[in-house]
Ligand SMILES: Cc1cc2nc3c(=O)[nH]c(=O)nc-3n(C[C@H](O)[C@H](O)[C@H](O)COP(=O)(O)O)c2cc1C
């Protein structure tokens, strides 16, 4: 849809370093997904060294280090956003990765641990000194988890201090939101997560600059869901496929009349035929909605 790059979900540096099959499975990608970065998380620089060496030969375009994940299990082990309270370890990890790859290395951070513990002003410069090519900033504190409004002015504070490009992230649900975030933060780029679930066309709208391009035709929605299903079938074992598909379908089925009822049916999808039934109903509801709005 025009996104400049994508990133894998976070993969444990320790898992890769011990050559765990489960961690390896998360590294598969198709060439048409490129440019693609691989995101590593962990807390031990030694794990990152081995992981960086391993992933460098796999065709990724960059390596991203996770210093933003707020999940308890992750931070309790000293990884993710816990690294924002332990800058020496974060910089040691960055050094470990930079010195074991020729790929660009980026870091994903939050604006701090809590309003009482924002990231230090010199963090962007420290990261740049250790070899970071860019920083992505989710405009929340760890203590915010995923709630409350994204704090654009705090991202802007980091942008002002950064000698390297900053990518702003958080709550871009529409082209308008994304452009507001870009404008308010002064960032060099945007990262979009949840706003693209069920609406990958948000990237198309941003690339063209026309918000209407972010609203797909009914047949585009159906085609993309089918395509996503095919891709998922390739990667996900049959016993997990439908439970994951149900969640994905719910992202597409919202914001039009009849959505609530169709969502109720979508949570029961258990085979390809069920999916096709849902898709024909979805096509009809989306067409009706389109006519109503035109
Ligand atoms: C289900 C879920 C999984 C996520 N997994 C990751 C992850 O693996 N690595 C990461 O850096 N951020 C992860 N995030 C955070 C997003 O990348 C992003 O920073 C956050 O959701 C705010 O941006 P958004 O409002 O555009 O989604 C995840 C978020 C959600 C909701």
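The values are calculated or read from the model by the stated rules, or taken from the named source; none is laboratory data. Predicted, not measured: the structure shown is a model, and the values here were computed from it. Methodologically, a virtual Cβ is constructed for each residue, glycine included, from the backbone with ideal geometry; neighbour enumeration extends over all protein chains shown.
Scan 292, 263, 257 and give me the residue that is in contact (Cβ under 8 Å) with a residue 12 or more places away in the chain and either within 16 Å of the ligand (Cβ to nearest atom) or not in a helix (DSSP H, G or I) (or both). Let's see the steps before the verdict.
Working: 292 fails: either within 16 Å of the ligand (Cβ to nearest atom) or not in a helix (DSSP H, G or I) (or both); 263 fails: either within 16 Å of the ligand (Cβ to nearest atom) or not in a helix (DSSP H, G or I) (or both).
So the residue among 292, 263, 257 that is in contact (Cβ under 8 Å) with a residue 12 or more places away in the chain and either within 16 Å of the ligand (Cβ to nearest atom) or not in a helix (DSSP H, G or I) (or both) is 257.
State which residue is farthest from residue 116 (Cα to Cα) when the search covers only the stretch 135-147 and only residues that are crowded, with 16+ Cβ neighbours inside 10 Å and touching a helix residue (DSSP H, G or I) at 6+ places or on another chain (Cβ under 9 Å).
Going through the qualifying residues, I end up with 135.
Do we find that residue 44 is assigned by TED's automatic domain parsing to the domain that holds residue 21 and closer than 21 Å to residue 161 by Cβ in this structure?
Working: assigned by TED's automatic domain parsing to the domain that holds residue 21: yes; closer than 21 Å to residue 161 by Cβ: no.
Spelling it out, it is not the case that residue 44 is assigned by TED's automatic domain parsing to the domain that holds residue 21 and closer than 21 Å to residue 161 by Cβ.
I need the full set of residues from the stretch 153-167 which are within 13 Å of the ligand (Cβ to nearest atom) and in a helix (DSSP H, G or I), in order please. Explain how you work it out, then say what you get.
Residues of the stretch 153-167 within 13 Å of the ligand (Cβ to nearest atom): 155, 167.
Of everything in the stretch 153-167, just one residue is within 13 Å of the ligand (Cβ to nearest atom) and in a helix (DSSP H, G or I), namely 155.
A quick yes/no check of all residues on (1) farther than 20 Å from residue 192 by Cα; (2) assigned to a helix (DSSP H, G or I):
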site	(1), (2)
4	no, no
9	no, no
16	yes, yes
22	yes, yes
40	no, no
47	yes, yes
53	yes, yes
58	yes, no
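Regarding residue 239, is this residue more than 30 Å from residue 111 (Cα to Cα) and either buried (at least 17 other Cβ atoms within 10 Å of the Cβ) or outside the structural domain of residue 118 (by TED's automatic domain parsing) (or both)?
Judged against the criteria, residue 239 is a match.
Within the stretch 117-152, how many residues turn out to be closer than 24 Å to residue 180 by Cβ and assigned to a loop (DSSP other than H, G, I, E, B)?
Matching residues across the stretch 117-152 total 8.
Taking residue 15 as meeting all but one of (1) touching a helix residue (DSSP H, G or I) at 6+ places or on another chain (Cβ under 7 Å); (2) in contact (Cβ under 8 Å) with a residue 12 or more places away in the chain; (3) in the same structural domain as residue 191 (by TED's automatic domain parsing), write down the number of the exception.
(2)
Tally time: how many residues in the stretch 168-187 are free of Cβ contacts under 8 Å to residues at least 40 places away in the same chain, within 14 Å of the ligand (Cβ to nearest atom), surrounded by fewer than 22 Cβ atoms within 10 Å (Cβ to Cβ) and not in a helix (DSSP H, G or I)?
Counting residues in the stretch 168-187 that are free of Cβ contacts under 8 Å to residues at least 40 places away in the same chain, within 14 Å of the ligand (Cβ to nearest atom), surrounded by fewer than 22 Cβ atoms within 10 Å (Cβ to Cβ) and not in a helix (DSSP H, G or I) gives 2.
Inside the stretch 188-207, can you point out the residues that are in a helix (DSSP H, G or I), touching a residue at least 60 places away in the same chain (Cβ under 8 Å) and either more than 13 Å from the ligand (Cβ to nearest atom) or more than 24 Å from residue 133 (Cβ to Cβ) (or both)?
Residues satisfying the conditions are 201, 202, 204, 207.
Among the listed residues 120, 200, which satisfies the condition of being surrounded by fewer than 22 Cβ atoms within 10 Å (Cβ to Cβ) and either over 28 Å from residue 251 (Cβ atoms) or in contact with a strand residue (DSSP E or B) (Cβ under 7 Å, 6 or more places away or on another chain) (or both)?
After applying the criteria, what remains is 120.
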